[in-house]
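These notes are about the structure you will find just below.
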There are 2 protein chains.
Amino acid sequence: MDFSEKSNCSTCRIKSCAVEVLDQHELEILQTNCSGASYKRGERIFQQGTLISNIVYVKSGLIKIHKKGPSKDQILKLVNPPRFIGIPTILGDRVNQYSATAVVPTEVCFIVTQIFKTLISRNGKFGHEIINGLCQDELQFFDRSINQMQKQIHGRLADALLYFSNDIFCADAFIMPLTRAELGDFVHTTRESVTRTLTHFKNDGLITVEGKKITLQDKFRLQKISQIG
Amino acid sequence: MDFSEKSNCSTCRIKSCAVEVLDQHELEILQTNCSGASYKRGERIFQQGTLISNIVYVKSGLIKIHKKGPSKDQILKLVNPPRFIGIPTILGDRVNQYSATAVVPTEVCFIVTQIFKTLISRNGKFGHEIINGLCQDELQFFDRSINQMQKQIHGRLADALLYFSNDIFCADAFIMPLTRAELGDFVHTTRESVTRTLTHFKNDGLITVEGKKITLQDKFRLQKISQIG
DNA sequence: ATAAAAATGTGATTTGTGTCACAGAATATA
DNA sequence: TATATTCTGTGACACAAATCACATTTTTAT
């Protein structure tokens, strides 16, 4: 990873809704307690089980939030900017409950947790925006959980492909940033089943696959598959 | 359900951490915009898909938060007091994303959402406490999800039994408030598999079952089962 | 008290998908 | 350029758990 010097929050153009509501003085507080870093694919931003020092603000790139389970590592969610991560661990035992790893080149800012807490207590609107973010996360995670638990592989993988296409890349064709094994961790299967299902989709003319490049050819039918499960 | 008159928040003894930080004036605001109700087992408190009017504060009892999935209704979590529910839906489309139903006789207070929002913006500490609650929920739900997805039935059901014993009733013996089918919705199986697994546990001397009454006889081995999956 | 409805227990059968095992392709490292 | 890793594809097999089907018990309503 590569640490740069202190960033300038007031002129930073990648501002979250929450940061928008801070006044000039608060922005200065933030700025003096905040530093940037960039990560390459595969680099760990923070690791489950280690002590927390900072809130992380994702400026660009894509991050996977993952956690060790009883049998294997599992990708809880992907986070695309702009977004704060690590908020849930600012309280309690102060130990990260999950890991965060860059899946594409990623830029983040670290914010001292105490400062973050101060801003929340000082500026109710800031807190309000943070709550908004947390709530959105929760609802999204509810949906994802239910889908993961009730659909079978075809549906889950169709969901994932549509998610990458619609929410992450906003394009029908994209370079899949996850390996087959990671995709398995994301949709709860094995590497082998991902391959098999992808091949199946390909043979049915739903997608084309050229190595890492995936093109959705028939989104409508993919949606159908996602719905039936 | 049974609606009583306006409650008195300043003298209410079932106060959440969040409400504790409100000042006298804020408590009065809360009080004049808040009313109580009680529900019997099986009564719906709010329903997925309907418009939201209020934040719900659970004072006593036990509530299931459940949501329709592609194939069946699923219990996302159980909520025991004192706790706010419905916060995630105060924003956005203002439609409940999930249902809440009492599983034992339950008392709640309804708080006008606008007032709730005002309190958050007005009192940073209140917002801070609410964020704490949401974060705890998120971490807990992460754990639950991973366990649900990676363990098989024996482990999942052992988890559930230990959860009821340790977190809900604080006793080795308790009256199971969920039917076998609901228990299935909670741990992701069918009614039949719940029965079979329970019988299996009983034959192994881990528990005794007399209708709705369940007694954990060997918590240690149950924990073992929970761990292996 | 009696009927109707809901909840529960248990067997037989089917099936989705995880596991194992190996080969080829792609990528990183020396 | 060679060599070691890490990825990826594909088959054969096993098994956990869903589904179906029916009997029995418990609860609720009349």
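The values are calculated or read from the model by the stated rules, or taken from the named source; none is laboratory data. Remember, predicted model here, so these are calculated numbers, not experimental data. Glycine gets a Cβ as well: all are built from the backbone with ideal geometry, and neighbour counts include every protein chain shown. Heads up: the accessible areas ignore ligands, DNA and RNA and are worked out on the full protein's heavy atoms, side chains in. Shrake-Rupley method; radii C 1.70, N 1.55, O 1.52, S 1.80 Å.
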### Task
Specify which of the listed residues (A:Asn132, A:Asn80, A:Asn123, A:Asn96) is out of contact with any Lys or Arg (no Cβ under 9 Å at 6 or more places or on another chain), modelled with pLDDT under 95 and within 30 Å of A:His200 (Cβ to Cβ).
A:Asn80
### Query
Quick one: in segment A:155-179, which of the residues that are without any contact (Cβ under 8 Å) to a residue 24 or more places away in the chain and surrounded by fewer than 16 Cβ atoms within 10 Å (Cβ to Cβ) is farthest from the other protein chains (Cβ to nearest Cβ)?
A:Ala171
### Query
Residues that are closer than 30 Å to B:Phe164 by Cβ and of a type in the set (A, V, I, L, M): which strands (runs of 3 or more DSSP E) entirely in segment B:1-115 hold 2 or more of them?
B:54-68, B:73-79, B:99-112
### Task
Determine, yes or no, whether B:Leu51 is out of contact with any Lys or Arg (no Cβ under 7 Å at 6 or more places or on another chain) and modelled with pLDDT under 95.
no
#### Entry: Every pair of residues 6+ apart whose Cβ atoms lie under 7 Å, when the first sits in segment A:129-154 and is facing chain B (nearest Cβ under 7 Å) while the second is hydroxyl-bearing (Ser, Thr, Tyr) and open to solvent by 30 Å² or more (accessible area, probe 1.4 Å)
A:Gln150/B:Ser71
### Task
Kindly state which helices (runs of 4 or more DSSP H) lie completely within segment B:180-229 and contain at least 3 residues that are over 24 Å from A:Lys68 (Cβ atoms).
B:180-187, B:191-203
### Task
Would you be able to tell me the number of residues in segment B:75-117 that are surrounded by fewer than 19 Cβ atoms within 10 Å (Cβ to Cβ), within 12 Å of chain A (Cβ to nearest Cβ) and farther than 17 Å from B:Gln48 by Cβ?
1
### First in segment A:188-202 and away from every other protein chain (no Cβ under 14 Å), second anywhere and of a type in the set (S, T, N, Q) and more than 7 Å from DNA strand D (Cβ to nearest atom), Cβ under 7 Å, 6 or more apart
A:Lys202/A:Thr208
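This table checks each residue for (1) within 14 Å of DNA strand D (Cβ to nearest atom); (2) in contact with a Leu (Cβ under 9 Å, 6 or more places away or on another chain).
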| position | (1), (2) |
| --- | --- |
| A:Ser165 | no, yes |
| A:Asp172 | no, yes |
| A:Ala181 | yes, no |
| A:Val187 | yes, yes |
| A:Gly205 | no, no |
| A:Lys224 | no, no |
## Note on the structure
If you go through A:Leu134, A:Leu216, A:Leu206, the only one that is outside the structural domain of A:Arg41 (by TED's automatic domain parsing) and touching a Cys at 6+ places or on another chain (Cβ under 8 Å) is A:Leu134
